[in-house]
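The values are calculated or read from the model by the stated rules, or taken from the named source; none is laboratory data. Being a predicted model, the structure only gives us computed values, none of them experimental. For neighbour counting, all protein chains shown are included, and Cβ atoms are generated from backbone atoms with ideal geometry for every residue, glycine included. The area values use the complete protein model at the heavy-atom level, side chains included, leaving out ligands, DNA and RNA. Shrake-Rupley method; radii C 1.70, N 1.55, O 1.52, S 1.80 Å.
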Amino acid sequence: MYDKSLPDVTFHTRVRDDSIGGSNPFRWEDKTTADFFAGKRVVLFSLPGAFTPTCSTYQLPDFEKLYPEFKAEGIDAIYCIAVNDTFVMNAWKKAQGIEHVEVIPDGSGEFTRKMGMLVCKDNLGFGMRSWRYAAIVNDGKVEQWFVEEGYSDNCETDPYGVSSPQNILEKLRAANNTKAA
Ligand code: BEZ
């Protein structure tokens, strides 16, 4: 979990391509870890599932609202990843009216497993999902982790605090102010 390099995986995404025409102008596009992370300083946050309450009411919309403030602190992009397929992730992004946060579908859970963050959520009928965490990632290397407490299978609670955008922004600001002083 504390290896600083992100695992190299391929994400299978659906992207809009208006040249296709018709009512569903999307095509497959494979993107690697490097495609998302190389040469950028980003915030990655990972959550148990698209459309779930805390994720939809707080975490995703709050990252979206605070995007300009993250940019002002030197963050190039904000990525939301979950063990859901690209159709689900794209539908969730659309339903939430998200423009700035990019979604990454880890449908098979390969990335999450290799990050050491895959947990069983059979108690909710979810199967294998991501523990809730976030990280500041610079050029594919984790600079700082924000892992919710209590990592475990079939957890009865859903801790949410350290991986909130408010907490991460506060830590980024403190680090940037220290550097500037
Ligand atoms: C939530 O975001 O509220 C949530 C996440 C996973 C399971 C149940 C709820």
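Pairs meeting the criteria (first residue in the range 59-78 and closer than 16 Å to K171 by Cα, second residue assigned to a loop (DSSP other than H, G, I, E, B), beta carbons under 6 Å, at least 6 apart or on different chains) are F63/V101; Y67/H100; I78/V101. So is I98 closer than 17 Å to A77 by Cα and either over 16 Å from the mean Cα position of the chain (by Cα) or touching a residue at least 60 places away in the same chain (Cβ under 8 Å) (or both) or not? When the stated conditions are applied, I98 does not pass them. Checking each residue in the range 116-130 for being in a strand (DSSP E or B) and closer than 14 Å to D106 by Cα picks out L118, V119, M128, R129, S130.
Being without any contact (Cβ under 8 Å) to a residue 12 or more places away in the chain and either within 16 Å of the ligand (Cβ to nearest atom) or not hydroxyl-bearing (S, T, Y) (or both) is a description that does not apply to K31. Of all residues in the range 140-157, none satisfies being assigned to a helix (DSSP H, G or I), farther than 23 Å from K4 by Cα and open to solvent by 70 Å² or more (accessible area, probe 1.4 Å). Of the residues making up the range 50-59, not a single one is away from the ligand (no atom under 16 Å from the Cβ) and modelled with pLDDT of 95 or more.
Condition test on A175, is it free of Cβ contacts under 8 Å to residues at least 40 places away in the same chain and more than 18 Å from D35 (Cβ to Cβ)? It is true that A175 is free of Cβ contacts under 8 Å to residues at least 40 places away in the same chain and more than 18 Å from D35 (Cβ to Cβ).
Restricted to strands (runs of 3 or more DSSP E) entirely inside the range 1-109, those with at least 2 residues that are under 24 Å from D158 (Cα atoms), open to solvent by less than 80 Å² (accessible area, probe 1.4 Å) and touching a strand residue (DSSP E or B) at 6+ places or on another chain (Cβ under 9 Å) are 41-47, 77-82, 102-105.
So which pairs qualify, if the first residue must be in the range 108-133 and closer than 15 Å to C80 by Cα and away from the ligand (no atom under 12 Å from the Cβ), the second must be in a loop (DSSP other than H, G, I, E, B) and open to solvent by 60 Å² or more (accessible area, probe 1.4 Å), the Cβ gap must be under 8 Å, and the two must be at least 6 apart or on different chains? Close Cβ pairs (under 8 Å, with a partner that is in a loop (DSSP other than H, G, I, E, B) and open to solvent by 60 Å² or more (accessible area, probe 1.4 Å)) amount to M115/M1; M117/M1; M117/Y151.
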